[in-house]
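The values are calculated or read from the model by the stated rules, or taken from the named source; none is laboratory data. The structure displayed is predicted, hence computed values, not measured ones. Cβ placement follows ideal geometry from the backbone for every residue including glycine, while neighbour counts extend to all protein chains displayed. Ligands, DNA and RNA are excluded from the accessible area calculation, which covers all protein heavy atoms including side chains. Shrake-Rupley method; radii C 1.70, N 1.55, O 1.52, S 1.80 Å.
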Amino acid sequence: MSHWKVTLPISDNNRPIEVEPPEILEYATNSILVPFMYNDSTDGSLVFHAYPESTTANTKYSRTELREQMEPGSNSVNWKFSEGGLMKGTMRMEAVSKDRGGKYHKVIIMQIHGRLSNDQRDQIGQKDNNAPPILKIYWQDGKIRVKTKELTNNAVSPEGVLFEEAWKDDRGRTFEEEVGFNKFNIEVKVSKGKLVVSLNKGEFFVYDNASIRRWDVFENYFKAGNYLQTRDEGAFAKVKFYKLEISH
């Protein structure tokens, strides 16, 4: 936990509560964290519990989600695809609510989020450093679905590529294997111009298109946990992590 901070679905002064290193290291005894991030001694997992309440800027959903910090306590030190990165996790969906139609609510379990440098932020006149997430991995109806961003126009200028409007969601891809409520393994590997996502080392999605190749302009950070994709009253999700590793 020394290189992660966590965002919770509850707020303080109308902003979601965040716990950073070193306080996060005491998560097992932290009264604020315990309802949302706790050990399950029966199977050795770390449980992330979320329900709709407080949201972060630029979002409408609540989360109990880890955010990578390469330098503990700082959001300003991040990495680019050309520097490479690897995130591996073993997890399972413990429980999740259903919508009125009887379908399970979607949950984002892993992400790679983009970030503007301070110079880039000032260059395009943006008020914050937020950039789009290049990768979102969902648990959806018992399967694992992957979505990335792609350029709306491959001929966009070097400055234009910095604007959020230059990017759109791709159509998404779903792994064939149904994980249901069983344990599964996800591996995300990035390098310059390439992104590979695998499920249980048996299925692989490879992204090496023009959009991915131009993504290296952005800084990035890994995210993992429970980002519940609904505002439905009474909704909830509990995601169990048995292993989470990152390297660069």
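Laid out as a table, the results:
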{"read-out": "Residues within the range 178-190 that are part of a strand (DSSP E or B) and exposed (fewer than 15 other Cβ atoms within 10 Å of the Cβ), tallied", "value": "1"}
{"read-out": "Any hit, the range 128-141, residues being out of contact with any strand residue (DSSP E or B) (no Cβ under 8 Å at 6 or more places or on another chain), touching a residue at least 12 places away in the same chain (Cβ under 8 Å) and either farther than 27 Å from residue 90 by Cβ or not hydrophobic (A, V, I, L, M, F, W, C) (or both)", "value": "yes"}
{"read-out": "Test: residue in the range 63-81 that is closer than 28 Å to residue 181 by Cα and either without any contact (Cβ under 8 Å) to a residue 12 or more places away in the chain or among the small types (Gly, Ala, Ser) (or both)", "value": "no"}
{"read-out": "Pick from the range 128-148, criterion in contact with a helix residue (DSSP H, G or I) (Cβ under 8 Å, 6 or more places away or on another chain) and within 18 Å of residue 190 (Cα to Cα), ranking: surrounded by the fewest Cβ atoms within 10 Å (Cβ to Cβ)", "value": "132"}
{"read-out": "Qualifying residue in the range 101-117 (condition: β-branched (Val, Ile, Thr), open to solvent by 30 Å² or more (accessible area, probe 1.4 Å) and at pLDDT 95 or above)", "value": "no"}
{"read-out": "Contacts under 7 angstrom Cβ, first residue in the range 208-220 being among the aromatic types (Phe, Trp, Tyr), partner in a helix (DSSP H, G or I), 6 or more apart", "value": "215/81"}
{"read-out": "Residue list for the range 215-248, restricted to those being assigned to a helix (DSSP H, G or I) and surrounded by fewer than 19 Cβ atoms within 10 Å (Cβ to Cβ)", "value": "216, 217"}
{"read-out": "Matching residues, the range 14-33, being in a loop (DSSP other than H, G, I, E, B), of a type outside the set (D, E, K, R) and surrounded by 13 or more Cβ atoms within 10 Å (Cβ to Cβ)", "value": "21, 27, 30, 32, 33"}
{"read-out": "The range 221-241, subset among the polar types (S, T, N, Q) and in contact with a Phe, Trp or Tyr (Cβ under 6 Å, 6 or more places away or on another chain), residue farthest from residue 159 (Cα to Cα)", "value": "226"}
{"read-out": "Residues (in contact (Cβ under 8 Å) with a residue 60 or more places away in the chain and surrounded by fewer than 17 Cβ atoms within 10 Å (Cβ to Cβ)) located in the range 194-204", "value": "194"}
{"read-out": "Failed condition for residue 86, given (1) buried (at least 20 other Cβ atoms within 10 Å of the Cβ); (2) closer than 15 Å to residue 247 by Cα", "value": "(1)"}
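So that you can scan it fast, the table gives a plain yes or no per residue for (1) in a strand (DSSP E or B); (2) within 19 Å of the chain's Cα centre (by Cα); (3) of a type in the set (Phe, Trp, Tyr):
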residue: 101; (1), (2), (3): no, no, no
residue: 111; (1), (2), (3): yes, yes, no
residue: 119; (1), (2), (3): no, no, no
residue: 145; (1), (2), (3): yes, yes, no
residue: 148; (1), (2), (3): yes, yes, no
residue: 154; (1), (2), (3): no, no, no
residue: 161; (1), (2), (3): no, no, no
residue: 171; (1), (2), (3): no, yes, no
